[in-house]
Amino acid sequence: MIFEKKEVVLKNGASCILRSPLIEDAESMIDYLKTTSAETEFMVRYSEEVTMTIEEEGSILKRMIDSENSIMIAAFVENELAGNASISCVGERIKLSHRATFGIAVKQKFWGMGIGDILLSEIIGKAKEIGFEQVELTVVENNNKAINLYEKFGFVKCGVIHKAFKLKDGRYYGEIIMIKSL
């Protein structure tokens with residue numbers, strides 16, 4: 001599904017363009033994934049695990065654009081990919097089709113500018129338009145900034161997966177499951 005280009009103003013007064021990432025953004029998306037994965041332990045992968053080719057990422061972006069029940073919104077600041085959020089249907093079966101999964105990341109140098117709030121607000125609006133009844137996410141248990149953001153938007157904690165992440169140094173992180181009814 002396409003998210004039409006929209007300009008918003010960030011907390012610092014900077015202009016931010018929101019739009020669907022296109023196939024020609026594949027290389028920027030890969031760089032963004034590598035950067036965000038290296039900046040925090042809270043991402044699902046390490047940066048060296050971002051191994052897709054430009055063609056593979058382009059195919060992912062095309063599937064999102066062509067989808068009727070998935071959407072990705074990218075935030076660009078001065079033509080740099082600063083953040084990204086997406087929703088996808090949990091499953092195509094009738095019993096699951098009312099549920100959407102949600103993911104988001106913002107590059108660290110853009111933290112505190114309101115990009116997360118903007119992306120979350122837009123994606124929730126799109127989830128409602130699509131007809132989802134519930135949005136679900138998981139978040140690392142000590143990622144307090146993200147948890148606070150999600151709670152601000154009405155997400156509630158409904159469970160924990162203990163030892164969900166095992167880091168290279170042997171430490172574990174639990175993962176909190178959160179949902180928002182629409």
Note to self: Just want the ordering: S181, S86, S97, from fewest to most Cβ atoms lying within 10 Å of their own Cβ.
What the structure shows: S181, S97, S86
Next item on the list: Sort K5, K168, K157 so the one with the fewest other Cβ atoms within 10 Å of its own Cβ comes first.
Entry: K168, K5, K157
Notebook entry, point to check: Hey, how many Å between the Cα centroid of segment 1-80 and the Cα centroid of segment 100-150?
Noted result: 14 Å
Next item on the list: Putting +1 on Lys and Arg Cβ atoms and -1 on Asp and Glu Cβ atoms, find which of M178, V9, Y46 reaches farthest to the positive end of the dipole of the chain.
Entry: M178
Next item on the list: Please list, or write none, the aspartates and glutamates whose alpha carbon is within less than 16 Å of the alpha carbon of K6, excluding same-chain residues fewer than 8 places away.
Entry: E78, E80, D117, E122
Notebook entry, point to check: Using the count of nearby Cβ atoms within 10 Å as a rough guide to exposure, how do R45, R93, R99 rank from fewest to most?
Noted result: R93, R45, R99
Next item on the list: List the lysines whose Cα lies under 24 Å from the Cα of K95, skipping any in the same chain that are fewer than 8 positions away.
Entry: K126, K128, K157, K180
Check: Cα to Cα, under 19 Å, and not fewer than 8 places away if on the same chain: which lysines meet these conditions relative to K11?
Finding: K107, K109, K145, K152
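None of the figures in this text is laboratory data; all of them are computed from the coordinates on show. For clarity, every value in this text was computed on a predicted model and none was experimentally measured. Cβ atoms come from the backbone with ideal geometry, glycine included; neighbour counts cover every protein chain shown.
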